[in-house]
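The values are calculated or read from the model by the stated rules, or taken from the named source; none is laboratory data. Keep in mind the model is a prediction, meaning the values are calculated, not measured. Cβ placement follows ideal geometry from the backbone for every residue including glycine, while neighbour counts extend to all protein chains displayed.
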Amino acid sequence: MIRYSRVIGTGGYLPEEIRTNEQISRTVDTSDSWIFERTGIKSRRIAAPHETSSSMAEIAARQALAAGACDPEDIDIIIVATGTPDRVYPSTACLLQQRLGIKNCVAFDVQAACSGSIFALSIADQYIKSGAAKKVLVVGSELCSRIVDWTDRSTCILFGDGAGALLLAVSAETGILSTHIHSDGEYEDLLYCPNPQVAATLHEQQQAGYISMRGSEVFKVAVNTLERIVDETLDANNMDKSEIDWLVPHQANIRIIAATAKKLKMSMDQVVVTLETQGNTSSASVLLAFNEAVRDGRIQRGQVVLLEAFGAGFTWGSALIRY
Ligand SMILES: CC(C)(COP(=O)(O)OP(=O)(O)OC[C@H]1O[C@@H](n2cnc3c(N)ncnc32)[C@H](O)[C@@H]1OP(=O)(O)O)[C@@H](O)C(=O)NCCC(=O)NCCS
């Protein structure tokens with residue numbers, strides 16, 4: 001029997017606090033118009049002090065479980081993508097497992113920065129296709145607001161907090177058609193977040209644990225790389241651009257998203273964009289956008305959806321899904 005990974009439930013969580021460009025422009029030298037024109041972002045959500053990646057993940061995960069009418073005990077594997085784990089260890093996935101009250105499943109984190117959700121989906125798909133797992137819960141959860149330097153106007157305007165979840169189950173019908181993931185550590189210095197406590201160099205030991213980015217260089221590589229992954233994904237499935245119903249991109253910059261849509265000859269009406277009110281929520285962004293478009297009825301059963309992401313590493317990847 002051919003096994004596919006079918007999406008049976010989605011969920012999402014955004015913290016209550018909305019931080020607008022206007023508010024940020026009161027503390028750093030920037031403006032609403034600069035931020036919106038260069039990025040497409042107007043506001044982002046900021047987690048409350050008591051919230052963590054695992055607490056946000058729990059809310060998104062419970063929604064996905066409810067949507068899939070799934071008993072937590074039926075989950076075989078939990079994979080959490082996060083760059084902001086509650087603790088160095090145990091993994092956020094283990095903390096989520098505990099929160100969901102699941103005794104017998106495997107739980108682990110994936111760290112691939114903003115591509116984390118695609119990497120997690122790809123791993124989940126391999127386990128399901130091979131017959132090693134029947135139900136896998138994939139979550140992306142991020143507290144980006146705690147790792148940005150709120151005095152650095154080049155990064156603090158970009159990021160937001162949130163969690164997205166997706167529940168996959170084995171199926172004889174189509175589901176995930178293919179996933180493609182890549183990494184290239186050559187670009188480690190263009191976008192990184194140091195871990196001063198364990199860093200080997202004095203320079204990084206003296207840095208605060210904040211995101212550091214060479215934005216315009218990241219931008220150029222992101223656009224080129226995402227164009228390539230679109231071709232790779234279509235070729236692998238012998239599919240034409242016109243067969244894709246929806247693009248669900250990582251939400252980093254509207255100009256990067258528009259370039260990918262143009263490459264696919266897709267109208268922006270077929271692109272799920274959450275960036276304006278959420279900013280870049282790193283590994284949560286694709287799952288949050290997917291959840292939103294499923295719940296508001298844009299993405300319908302049977303439609304073909306292309307998910308893609310690009311992040312620090314660099315890492316990048318895509319997943320083609322017949323929903
Ligand atoms: C960050 C980003 C929005 C900056 O836009 P940009 O058009 O590339 O701008 P640059 O970095 O070249 O900076 C242009 C000028 O704007 C200034 N600037 C930077 N941030 C600013 C801000 N928030 N407000 C006002 N001016 C700002 C810079 O200091 C620079 O000034 P200068 O010309 O006097 O030196 C853009 O590069 C980007 O989105 N990059 C990709 C980021 C990304 O996707 N990261 C995550 C990957 S997962």
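Looking only at the range 219-227, decide whether some residue is within 27 Å of residue 46 (Cβ to Cβ), in the same structural domain as residue 183 (by TED's automatic domain parsing) and assigned to a helix (DSSP H, G or I). Yes, the range 219-227 contains at least one residue that is within 27 Å of residue 46 (Cβ to Cβ), in the same structural domain as residue 183 (by TED's automatic domain parsing) and assigned to a helix (DSSP H, G or I).
Out of all the residues in the range 167-187, is one or more closer than 27 Å to residue 277 by Cα and within 16 Å of the ligand (Cβ to nearest atom)? The answer is no; no qualifying residue exists.
Quick check on the range 20-67: of everything there that is of a type in the set (D, E, K, R) and free of Cβ contacts under 8 Å to residues at least 60 places away in the same chain, which residue is farthest from the ligand (Cβ to nearest atom)? Outline the logic, then answer.
The first filter runs over the range 20-67 and keeps only residues of a type in the set (D, E, K, R), leaving 22, 26, 29, 32, 37-38, 42, 44-45, 51, 58, 62.
This time we only want the ones that are free of Cβ contacts under 8 Å to residues at least 60 places away in the same chain, so: 22, 26, 32, 37, 58, 62.
Values: 22: 13, 26: 13, 32: 10, 37: 9, 58: 25, 62: 27 Å.
So, considering only residues that are of a type in the set (D, E, K, R) and free of Cβ contacts under 8 Å to residues at least 60 places away in the same chain, the one farthest from the ligand (Cβ to nearest atom) is 62.
To keep it simple, each residue is scored yes or no on (1) of a type in the set (A, V, I, L, M, F, W, C); (2) within 18 Å of residue 178 (Cβ to Cβ); (3) within 19 Å of the chain's Cα centre (by Cα).
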| residue | (1), (2), (3) |
| --- | --- |
| 216 | no, no, no |
| 260 | no, yes, yes |
| 275 | yes, no, yes |
| 282 | no, no, yes |
| 286 | yes, yes, yes |
| 308 | no, yes, yes |
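Residue by residue, here is whether (1) crowded, with 21+ Cβ neighbours inside 10 Å; (2) farther than 30 Å from residue 170 by Cβ; (3) β-branched (Val, Ile, Thr) holds:
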| site | (1), (2), (3) |
| --- | --- |
| 215 | no, yes, no |
| 218 | no, yes, yes |
| 229 | yes, no, yes |
| 248 | yes, no, yes |
| 279 | yes, yes, no |
| 282 | yes, no, no |
| 289 | yes, no, no |
| 318 | yes, no, no |
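Any residue at all in the range 145-153 that is away from the ligand (no atom under 16 Å from the Cβ) and within 17 Å of residue 107 (Cβ to Cβ)? No - not one qualifying residue is present in the range 145-153.
Considering every residue within the range 260-274, establish whether at least one is in contact (Cβ under 8 Å) with a residue 60 or more places away in the chain and closer than 17 Å to residue 117 by Cα. Walk me through it before giving the result.
At the first step, the residues of the range 260-274 found to be in contact (Cβ under 8 Å) with a residue 60 or more places away in the chain are 273.
Checking the rest, the ones that are also closer than 17 Å to residue 117 by Cα come to 273.
Among the residues of the range 260-274, at least one is in contact (Cβ under 8 Å) with a residue 60 or more places away in the chain and closer than 17 Å to residue 117 by Cα, which makes the answer yes.
Filtered by the rule that a residue be near the ligand (Cβ under 9 Å from one of its atoms), of a type outside the set (S, T, N, Q) and in a helix (DSSP H, G or I), the range 190-218 gives 215, 217, 218. On the stretch given as the range 279-299, residues that are in contact (Cβ under 8 Å) with a residue 40 or more places away in the chain and more than 16 Å from the ligand (Cβ to nearest atom) total 8. Quick one: would you say residue 308 is within 13 Å of the ligand (Cβ to nearest atom) and under 20 Å from residue 5 (Cα atoms)? For residue 308, the condition - within 13 Å of the ligand (Cβ to nearest atom) and under 20 Å from residue 5 (Cα atoms) - is met. When residue 262 is tested against (1) over 27 Å from residue 214 (Cβ atoms); (2) not in a strand (DSSP E or B), exactly one condition is not met: (1).
Looking for something closer than 29 Å to residue 187 by Cα, within 16 Å of the ligand (Cβ to nearest atom) and surrounded by fewer than 22 Cβ atoms within 10 Å (Cβ to Cβ) - is there at least one such residue anywhere in the range 110-119? Please lay out each step first, then the result.
Here is the first cut: in the range 110-119, the residues closer than 29 Å to residue 187 by Cα are 110-119.
From what's left, within 16 Å of the ligand (Cβ to nearest atom): 110-119.
Right, trim to surrounded by fewer than 22 Cβ atoms within 10 Å (Cβ to Cβ) and you get 111.
Yes: one or more hits.
Selection within the range 265-278: residues that are assigned to a helix (DSSP H, G or I) and within 26 Å of residue 145 (Cβ to Cβ). The member of this set that is farthest from the ligand (Cβ to nearest atom) is 277.
One residue is enough: does the range 147-160 have a residue meeting the conditions in a strand (DSSP E or B), in contact with a Ser or Thr (Cβ under 8 Å, 6 or more places away or on another chain), small (Gly, Ala, Ser) and not assigned by TED's automatic domain parsing to the domain that holds residue 250? Looking for residues that are in a strand (DSSP E or B), in contact with a Ser or Thr (Cβ under 8 Å, 6 or more places away or on another chain), small (Gly, Ala, Ser) and not assigned by TED's automatic domain parsing to the domain that holds residue 250, one finds none in the range 147-160, hence no. Of the helices (runs of 4 or more DSSP H) lying entirely inside the range 3-108, those containing at least 3 residues that are in the same structural domain as residue 163 (by TED's automatic domain parsing), touching a Leu at 6+ places or on another chain (Cβ under 8 Å) and surrounded by 21 or more Cβ atoms within 10 Å (Cβ to Cβ) are 53-67.
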